[in-house]
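Q: Quick one: the structure is below, questions incoming.
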Amino acid sequence: MKVLDTEFVRGFIQLGDDGWKQGWHERNGGNLSCRIRPEEIGEVKDQLTPGEWLDIGTSVPKLGGEYFLVTGTGRYFQNVARKPEESFGIVELDGAGEKYRICWGLTNGGRPTSELPSHLMNHEVKLVASGGRHRVIYHCHPVNTIALTFVLPLKDEVFTRELWEMMTECPVVFPEGVGVVDWMVPGGRDIAVATSELMKKYNVAIWAHHGMFCSGADFDETFGLMHTVEKAAEILVKVLSMGQGKRQTIEPGDFRELAKDFKVELDEKFLYER
Ligand code: 2HA
Ligand code: ZN
């Protein structure tokens, strides 16, 4: 089957295009990666043309030999659907998880996303934490979530609680909460380490004054998580903008009742008294 006709590539393009339409990807903002299943890579093996081995910039030994779909550095999400071969590609990791080579796509001198170390370190953490279930890592620049990083304390507890309060379904969609990373230089190993530490506990990491990372089992789950968090953030921005503060809200006792009925575990650290 042609690479562009496969289910996994079509899902990748769909997510990219949906993210673009949400306004989460100005210019070359954001990046997306997916750990490809052996049977999926098997469908397209005949079309892979491996290039030279290049350094990842970090080491992800548990991912040795795996194949990934990744967006290209400097490439625009706007073009993921229009110019797929140029906008993203398939890369293979070496056995040690220290080098990669481009096997398909990223045409015209393309290279994987500048956040490749963050993506791969998150994939490695999630491979262990989810027992292999999670395959998608998604980074974007959503307006409302970024706006909140200027006014809320940069603490996991505060972001989680404030977002949970904005929509009843939030604690059901992300019961483990969200993590927050202080402002850091993007693209390097340090921010990758900080993010992957948070990803051991959460499926969402918010980068102060920059954007958000989400992890999920498939494209729908990952996009849905991003969408839910950003929508809750939008409601909070509106509530704060109305200027009078919250007159009423969902209280800690309400969350405990919700947790019982919806069979989710909500850590008491998020249900602090104000
Ligand atoms: O421009 O979003 O974090 C790509 C990015 C870097
Ligand atoms: Zn970014």
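Q: Which residue is nearest to HIS209 (Cα to Cα), if the candidates are limited to the range 128-150 and must be within 14 Å of the chain's Cα centre (by Cα) and either more than 12 Å from ligand 1 (Cβ to nearest atom) or surrounded by fewer than 18 Cβ atoms within 10 Å (Cβ to Cβ) (or both)?
A: THR145
Q: Pick from VAL158, VAL180, VAL151: which is within 16 Å of ligand 2 (Cβ to nearest atom) and either without any contact (Cβ under 8 Å) to a residue 60 or more places away in the chain or in a loop (DSSP other than H, G, I, E, B) (or both)?
A: VAL180
Q: What residue, of GLU230, GLU257, GLU157, is within 25 Å of SER130 (Cβ to Cβ) and surrounded by fewer than 17 Cβ atoms within 10 Å (Cβ to Cβ)?
A: GLU157
Q: All but one of (1) closer than 15 Å to TRP24 by Cα; (2) of a type outside the set (D, E, K, R); (3) within 16 Å of ligand 2 (Cβ to nearest atom); (4) crowded, with 22+ Cβ neighbours inside 10 Å hold for PHE223; state the number of the condition that does not hold.
A: (3)
Q: Have a look at GLY51, GLY29, GLY65 and point out the one that is under 22 Å from HIS210 (Cβ atoms) and not hydrophobic (A, V, I, L, M, F, W, C).
A: Unique residue meeting the criteria: GLY29.
Q: Checking ALA81 against (1) hydrophobic (A, V, I, L, M, F, W, C); (2) within 23 Å of THR145 (Cα to Cα); (3) in a loop (DSSP other than H, G, I, E, B), only one condition comes out false. Which one?
A: Result: ALA81 fails condition (2) only.
Q: Going through GLY224, GLY243, GLY253, GLY179 one at a time, which residue ends up being more than 16 Å from ligand 1 (Cβ to nearest atom) and in contact with a Phe, Trp or Tyr (Cβ under 6 Å, 6 or more places away or on another chain)?
A: Every option except GLY179 fails the conditions.
Q: Identify, please: which residue in the range 188-221 is within 18 Å of PRO142 (Cα to Cα) and in a loop (DSSP other than H, G, I, E, B) and is, among those, farthest from ligand 1 (Cβ to nearest atom)?
A: The extreme case among them is ASN203.
Q: Which one of the conditions (1) surrounded by fewer than 18 Cβ atoms within 10 Å (Cβ to Cβ); (2) part of a strand (DSSP E or B) does ILE90 fail to meet, given that it meets all the rest?
A: (1)
Q: Which one of these is assigned to a strand (DSSP E or B), of a type outside the set (Asp, Glu) and within 16 Å of ligand 1 (Cβ to nearest atom): THR71, THR58?
A: Step by step, each of THR71, THR58 is checked, and only THR71 is assigned to a strand (DSSP E or B), of a type outside the set (Asp, Glu) and within 16 Å of ligand 1 (Cβ to nearest atom).
Bear in mind these aren't lab numbers, they're just calculated from the coordinates by the rules spelled out. If you're wondering where the values come from, they're calculated on a predicted model, not measured in any experiment. Positions of Cβ are generated from backbone atoms using ideal geometry, with glycine treated the same way; all protein chains shown enter the neighbour counts.
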